[in-house]
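Peer 1: Here it is, the structure, as structure tokens.
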């Protein structure tokens with residue numbers, strides 16, 4: 001390696017030679033902009049080899065020793081994780097008359113017994129609104145009915161539960177949509193427990209399965225332990241951060257009843273009807289990448305809410321409730337995976353919500 005002193009001596013000789021000829025040697029610095037975390041920019045000025053540095057007196061002191069004149073009122077630069085507020089152009093209205101709805105078994109009357117009936121883990125019909133081990137009843141997770149309604153450009157789902165989520169609840173309320181009726185969920189639109197009756201996109205996320213592996217090998221039938229799937233692997237809508245910030249909302253029903261409403265723009269999923277839908281509450285597993293839960297955990301690992309089962313009490317799959325599926329805009333076939341028992345002649349019955357048109361068809365889950 002060449003001795004660095006040699007380079008210095010060579011440079012000095014060259015400078016003296018040029019000076020003797022009356023020439024000037026100048027060096028220009030080239031600013032280089034470096035983006036830091038998308039929000040901060042800093043410049044680094046490089047000098048050519050041999051350039052004479054500026055005197056020390058002209059070098060600015062470190063920035064932290066020279067506070068800005070308006071330091072008391074200066075606005076800090078946003079951190080890399082800070083996102084601008086979401087601005088909505090349109091909000092959903094009120095759901096109209098329910099087109100159809102499903103009824104789900106309530107576990108309220110069995111709460112003191114710390115047990116539930118109607119849980120069919122094999123077929124992914126879960127009745128588990130209880131905590132693990134202690135089997136403490138969770139009324140805000142106990143689905144009793146879910147209504148489906150359309151009011152362009154919105155698709156509305158109203159989830160009836162035995163009690164509103166308490167303060168600090170981490171529960172999510174979700175709709176699962178099977179676009180091609182193959183038993184594999186294609187969309188999962190989930191909202192955190194809403195704080196009030198105002199429509200909000202905060203806490204609302206829409207997931208899509210891009211590789212058709214929700215449901216594992218046998219859709220709606222357990223394939224546990226299936227641990228290689230990616231489930232709902234694409235987050236399409238993240239609390240309003242999406243190409244359309246108005247694509248999905250959640251709120252508590254203005255009636256004050258124990259109802260959670262979810263509104264989805266039909267443009268998010270691409271169609272109004274001809275799909276299967278079902279509902280979920282979840283304050284336990286809460287992992288869309290592990291759908292379906294009954295494929296991820298064996299029954300022994302998941303536990304059972306039936307106190308006469310050798311797998312009682314609940315373990316890995318607790319604080320969860322789900323419904324069977326029904327059709328949006330059509331009557332499903334009895335062999336559609338996960339579909340509710342199809343009545344031979346559906347009978348129109350009044351909507352449970354008094355403000356809605358009595359055009360619903362009730363489907364009993366169990």
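The values are calculated or read from the model by the stated rules, or taken from the named source; none is laboratory data. Note that the coordinates shown come from a computational prediction; the quantities given were computed from them, not determined experimentally. Cβ: placed from backbone, ideal geometry, glycine included. Neighbour counts: every protein chain shown.
Peer 1: Among the numbered criteria (1) closer than 27 Å to residue 269 by Cβ; (2) in contact with a helix residue (DSSP H, G or I) (Cβ under 9 Å, 6 or more places away or on another chain); (3) not in a loop (DSSP other than H, G, I, E, B), which one does residue 122 miss?
Peer 2: With (1) closer than 27 Å to residue 269 by Cβ; (2) in contact with a helix residue (DSSP H, G or I) (Cβ under 9 Å, 6 or more places away or on another chain); (3) not in a loop (DSSP other than H, G, I, E, B) applied to residue 122, the lone miss is (1).
Peer 1: Inspect all residues belonging to the range 85-97 and state whether any of them is more than 19 Å from residue 194 (Cα to Cα) and in a strand (DSSP E or B).
Peer 2: Checked the range 85-97: no residue is more than 19 Å from residue 194 (Cα to Cα) and in a strand (DSSP E or B).
Peer 1: OK, next. So, in the range 160-189, how many residues would count as being within 19 Å of residue 288 (Cα to Cα) and in a strand (DSSP E or B)? Explain how you work it out, then say what you get.
Peer 2: In the first step, residues of the range 160-189 are kept if they are within 19 Å of residue 288 (Cα to Cα); the result is 169-179, 182-189.
When the remaining residues are screened for being in a strand (DSSP E or B), the result is 172-178, 187-189.
Counting residues in the range 160-189 that are within 19 Å of residue 288 (Cα to Cα) and in a strand (DSSP E or B) gives 10.
Peer 1: Please specify each residue of the range 230-244 satisfying the condition of being in contact with a helix residue (DSSP H, G or I) (Cβ under 8 Å, 6 or more places away or on another chain), surrounded by fewer than 21 Cβ atoms within 10 Å (Cβ to Cβ) and assigned to a loop (DSSP other than H, G, I, E, B).
Peer 2: Going through the range 230-244, the residues in contact with a helix residue (DSSP H, G or I) (Cβ under 8 Å, 6 or more places away or on another chain) turn out to be 230-233, 236-237, 244.
Still in the list and also surrounded by fewer than 21 Cβ atoms within 10 Å (Cβ to Cβ): 230, 233, 236, 244.
Scanning the range 230-244 gives 230, 233, 244.
For every residue, the table says whether it meets (1) surrounded by 23 or more Cβ atoms within 10 Å (Cβ to Cβ); (2) more than 29 Å from residue 309 (Cβ to Cβ); (3) touching a strand residue (DSSP E or B) at 6+ places or on another chain (Cβ under 9 Å); (4) without any contact (Cβ under 8 Å) to a residue 60 or more places away in the chain.
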position: 103; (1), (2), (3), (4): no, no, yes, no
position: 107; (1), (2), (3), (4): yes, no, yes, no
position: 137; (1), (2), (3), (4): no, no, yes, yes
position: 146; (1), (2), (3), (4): yes, no, yes, no
position: 149; (1), (2), (3), (4): yes, yes, yes, no
position: 156; (1), (2), (3), (4): no, yes, yes, no
position: 169; (1), (2), (3), (4): no, no, yes, no
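Peer 1: For the range 199-216, what are the residues that are touching a helix residue (DSSP H, G or I) at 6+ places or on another chain (Cβ under 8 Å) and part of a loop (DSSP other than H, G, I, E, B)?
Peer 2: Across the range 199-216, the qualifying residues are 215, 216.
Peer 1: With (1) closer than 27 Å to residue 84 by Cβ; (2) touching a residue at least 40 places away in the same chain (Cβ under 8 Å) as the list, and residue 242 as the residue in question, which single condition is left unmet?
Peer 2: (2)
Peer 1: Mind checking whether some residue in the range 284-292 is surrounded by 14 or more Cβ atoms within 10 Å (Cβ to Cβ), in contact with a helix residue (DSSP H, G or I) (Cβ under 8 Å, 6 or more places away or on another chain) and either more than 17 Å from residue 125 (Cα to Cα) or at pLDDT 95 or above (or both)? Spell out the reasoning first.
Peer 2: If we filter the range 284-292 for residues that are surrounded by 14 or more Cβ atoms within 10 Å (Cβ to Cβ), which is where we start, we get 284-286, 288, 290-292.
If we keep only those that are in contact with a helix residue (DSSP H, G or I) (Cβ under 8 Å, 6 or more places away or on another chain) as well, we get 285, 290.
If we keep only those that are either more than 17 Å from residue 125 (Cα to Cα) or at pLDDT 95 or above (or both) too, we end up with 285, 290.
Yes; the residues of the range 284-292 include at least one that is surrounded by 14 or more Cβ atoms within 10 Å (Cβ to Cβ), in contact with a helix residue (DSSP H, G or I) (Cβ under 8 Å, 6 or more places away or on another chain) and either more than 17 Å from residue 125 (Cα to Cα) or at pLDDT 95 or above (or both).
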